[in-house]
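What follows is a short report on a single structure.
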Amino acid sequence: MNNLNENQQEKVCGAGGLELPEAFCNRMKQELGGEAEAFLASYRAPRQQALRLNPAKYGRAATASEAEAAKEAAALVAEVLETAPEQLEPVPWASHAYYYAEEQRPGRNPLHDAGLYYIQEPSAMATVGELEDYLKKSGRTEPFRALDLCAAPGGKSTQLLTLLRETDGKRTGSILVSNEIIPSRAAILSENLERFGAVGAIVTNESPEKLAGRFPSWFDLIIVDAPCSGEGMFRKEEAAVREWSPENVAMCAQRQKQILEQAVTMLADGGVLAYSTCTFSREENEENAAWLAKTHPELKLVLERRLYPHKVQGEGHFVALFQKAGVPVGTAGPTRPTGPGKARNNSKLTEPVNAWNAFAKELLKPDSAPAQGRSGSDLTQLLRSLTPERAVCFGEELSLLPEGLSAPQLAGLKVLRPGLHLGTFRKNRFEPSHALALALTYDEVINSFELSDEQALRYLRGETIPLDSTPEAAAEAASAGGPGSDRPLKGWVLVTYRGVSLGWGKAAGGILKNHYPKGLRRLS
């Protein structure tokens, strides 16, 4: 084993840059030997940046094939990054993902607000990437019940949504429960899922123990991206360096075991559990994986992988996949709730559901012809004839429950997002939600309006938009399939940018009143 000398250690771990804990450096030298110098030096290199495209929002033409839509989306991202499409560098372990340079700032583009892509650390994409590869090799294509147990801020949940959609071919077939125990982080998680256009997803703010009591042996797929000592976050967050200690590593390893125990309780027969961390400690990674397999012989360790920052373009990650013995029973229909929830009186939902269905006739095309790459008819058919069994109403807020999930199962849980938020029911009238706008596409609604580049920025600032568009804007609208300026718009209008839904406006008197949420508006 080759150890670094004192001068090398001072150069890599000392002052003049990022100062790494000495105990951490010593541990990694022991584990990596001759590779330790390259590993420690990687902390001084610039951080890697990546984004992941959202296939649910691909393609502006209803006749576009999936390949054509993906090519078009990549071209849009290349334009955002001011580079040629052929120069986009894919992230090798994740679908639809590309690297970008920090100075390219894709987070400032309106397409980010529209949810065309999600910005995520590239190594963190490996967890769902490995899960996707394993499911493909296993030949499993049915709708899944999935749980992201420690989900904030939402990177793996949004990636999992794409996997679920591409696995069962529908936006409404699978269920995703995204959970975060810290309330402030759960709110961020909910916002990110909304921007991504999530349909069959709920967000809970609960302890793993509470969820395990409600959903025993219920989920086909579970991700536990456990809170860890964060050694892969050293370059991103100085606090991670300050808070690191061998004692904290041991504490994290013990907490991870407790979380994993609850996850196993919720895993269905034949289900797959993905355990991941963004740290390099063997206590939190390989040792915990070995402990889980030994403690639960019904689990088989089917994959274990480390990503080191000196070997890949990323901050580093650990992934382990386990499969539970038994035959999957499938996810058709809701199951009987195991918690305290009682059957609802559906008559209380009759009025808001009727108000929605009347509104949907004015909003949605009667016979939608969605783009092949987006799979939309399953959603619009459901929304055009909503039933009380598929609805849940908290106060004035009406939401679409994911298929196969009953409202009594959510009773007593802290639920931030009980499904797709449809909007607000007030005195026999209905106001659509921002979440609904981001879940729909222009070819699923009767009225849409395509913004120019300049109008998109004005819209995100909350400004009113004149409907007497410039010729350029009208041409863009026509190419996107929108109404352009050839006929007057009235009532609720889906506002789009580059063919991607951005929010709602209400048209009257030649202007489009802005309904972009105030909390999301840009200051400049």
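The values are calculated or read from the model by the stated rules, or taken from the named source; none is laboratory data. For clarity, every value in this text was computed on a predicted model and none was experimentally measured. We place every Cβ from the backbone using ideal geometry, glycine too, and count neighbours over all the protein chains shown.
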- Taking E396 as meeting all but one of (1) closer than 18 Å to A439 by Cβ; (2) surrounded by fewer than 20 Cβ atoms within 10 Å (Cβ to Cβ); (3) modelled with pLDDT of 90 or more, write down the number of the exception. (1)
- Message: It is to be established whether one or more residues within the stretch 24-46 are within 28 Å of T127 (Cα to Cα), modelled with pLDDT under 90 and loosely packed, with under 13 Cβ neighbours inside 10 Å.
- Response: yes
- Task: From L413, L436, grab the single residue that is assigned to a helix (DSSP H, G or I) and closer than 30 Å to P208 by Cα.
- Result: L436
- When the stretch 93-109 is examined, which residues are found to be over 20 Å from A67 (Cβ atoms) and not aromatic (F, W, Y)? A101, E102, E103, Q104, R105, P106, G107, R108, N109
- Message: Suppose the filter is surrounded by 23 or more Cβ atoms within 10 Å (Cβ to Cβ) and in the same structural domain as A186 (by TED's automatic domain parsing); does L131 pass it?
- Response: yes
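How do the helices (runs of 4 or more DSSP H) wholly within the stretch 80-169 filter down when requiring 2 or more residues that are modelled with pLDDT under 95: which remain? Walk me through it before giving the result.
Numbers: elements: 110-113, 126-138, 155-168.
So the answer is 126-138, 155-168.
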- Looking at L436, is it touching a His at 6+ places or on another chain (Cβ under 9 Å), at pLDDT 95 or above, buried (at least 16 other Cβ atoms within 10 Å of the Cβ) and hydrophobic (A, V, I, L, M, F, W, C)? yes
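To keep it simple, each residue is scored yes or no on (1) modelled with pLDDT under 90; (2) assigned to a helix (DSSP H, G or I); (3) within 19 Å of E72 (Cα to Cα); (4) not hydrophobic (A, V, I, L, M, F, W, C).
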position	(1), (2), (3), (4)
E450	no, no, yes, yes
E463	no, no, no, yes
A478	yes, yes, yes, no
T496	no, no, yes, yes
K506	no, no, no, yes
- Message: Restricting to the stretch 439-448, count the residues that are touching a Pro at 6+ places or on another chain (Cβ under 8 Å) and not in a loop (DSSP other than H, G, I, E, B).
- Response: 3
- Item | Lone unmet requirement of (1) outside any strand (DSSP E or B); (2) surrounded by fewer than 22 Cβ atoms within 10 Å (Cβ to Cβ); (3) over 25 Å from the mean Cα position of the chain (by Cα) for E206 | (3)
- Task: Run G270 past the list (1) touching a Gly at 6+ places or on another chain (Cβ under 8 Å); (2) not β-branched (V, I, T); (3) not in a strand (DSSP E or B) and report the number of the one that doesn't hold.
- Result: (3)
